[in-house]
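Each remark here refers to the structure printed beneath this line.
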Amino acid sequence: MTTATTDPLTAFGEAFRADGFGVIRGALDPAAVERLRRALVAQLPPPSAPVPNQLMVGRLVQRDPLFADLAAQPALVRSLREVFAGTTPRLICSYGHVKPARTAAHTGPHSDVAHLPGVPHHQSTLMVKVTFALTPTRAGNGATRVFPGTHRAHDGGEPDGVPVELDPGDMLLFHANLRHTATANPSVHPRLGLWFVYAVPWMRTFPGEEFSPEFLRYVRSRAAARPELNAIFGLTDPYATG
């Protein structure tokens, strides 16, 4: 399911709830894509041998203000509030991702419900993953393959998967219970993207993704102008206990 940036948010939300994923084209302009790509490359470790099937740069928002600002981009927050039924979700994980050239798939079909065992994700939207493409993402270079509708209930059967092709600057959102898989990148070019995981406010950050005091001071310095930052970065009381 693909929705243009000019489509109403309500239409995007309805399609997301039906299919379990959605794409917003042109979420970032070319200049922003290039700034973010350079910032990610600056965080990558030196090349190693053998080349791993994927490279991940964790705690991304704490590495450069560009990434922190992107995680709270107003247009992204509006889309998230739509799929979270009006709630501003909490960022619980962020990482840069590289799918190196000539590498095999690093996962098979799965969902991300293992992050919250025992909770039936298909009954509500508890967690959503977001990725911004920084390089072209195609069926032939490691595009994520999704299985539409499997977020509602998975009966063991597998519908036909759909490779989600993205241009640089496009944004993919998908439900944590949606079955999806990595695919191989047999091309001669690596594929780069930025990933953010959002959840209902009472969920904790993933282990190792906790925000440092210095980062939270940065958030507070900006929250007077944008109060929603408090919710996104976990500075509000999710239970409203005062």
So which residues in region 215-239 are assigned to a loop (DSSP other than H, G, I, E, B) and over 21 Å from the mean Cα position of the chain (by Cα), if there are any at all? Ala224, Ala225, Arg226, Pro227, Thr236, Asp237, Pro238, Tyr239
Give me the pairs: first residue in region 102-119 and closer than 19 Å to Met203 by Cβ and modelled with pLDDT under 75, second residue among the polar types (S, T, N, Q) and part of a loop (DSSP other than H, G, I, E, B), beta-carbon distance under 6 Å, and six or more apart or on different chains, which are they? Val113/Asn177
Can you tell which of Gly169, Gly208 is buried (at least 18 other Cβ atoms within 10 Å of the Cβ), at positive phi and not in a strand (DSSP E or B)? Gly169
Within region 129-147, count every residue that is assigned to a loop (DSSP other than H, G, I, E, B), surrounded by fewer than 20 Cβ atoms within 10 Å (Cβ to Cβ) and not polar (S, T, N, Q). 4
Scan region 199-210 and report the pairs whose first residue is closer than 19 Å to Gln62 by Cβ and whose second residue is surrounded by 16 or more Cβ atoms within 10 Å (Cβ to Cβ) and charged (D, E, K, R), with Cβ atoms within less than 7 Å and a gap of 6+ or a chain change. Ala199/Arg90; Met203/Arg90; Glu209/Arg59
For region 176-196, how many residues meet the condition of being in contact with a Phe, Trp or Tyr (Cβ under 7 Å, 6 or more places away or on another chain) and either part of a strand (DSSP E or B) or β-branched (Val, Ile, Thr) (or both)? 4
Regarding region 195-212, can at least one residue be identified that is within 22 Å of Lys99 (Cβ to Cβ) and aliphatic (A, V, I, L, M)? yes
Hits in region 60-88 (condition: touching a residue at least 60 places away in the same chain (Cβ under 8 Å), surrounded by fewer than 18 Cβ atoms within 10 Å (Cβ to Cβ) and closer than 17 Å to Gln43 by Cα): Pro65
Criterion first (at pLDDT 95 or above, under 27 Å from Gly161 (Cβ atoms), of a type in the set (Val, Ile, Thr) and out of contact with any Ser or Thr (no Cβ under 7 Å at 6 or more places or on another chain)) does Val23 satisfy it? no
Quick one: in region 163-181, of everything that is of a type in the set (Asp, Glu) and more than 13 Å from the chain's Cα centre (by Cα), which residue is nearest to Asp112 (Cα to Cα)? Glu165
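The values are calculated or read from the model by the stated rules, or taken from the named source; none is laboratory data. Source: prediction; values computed, not measured. For neighbour counting, all protein chains shown are included, and Cβ atoms are generated from backbone atoms with ideal geometry for every residue, glycine included.
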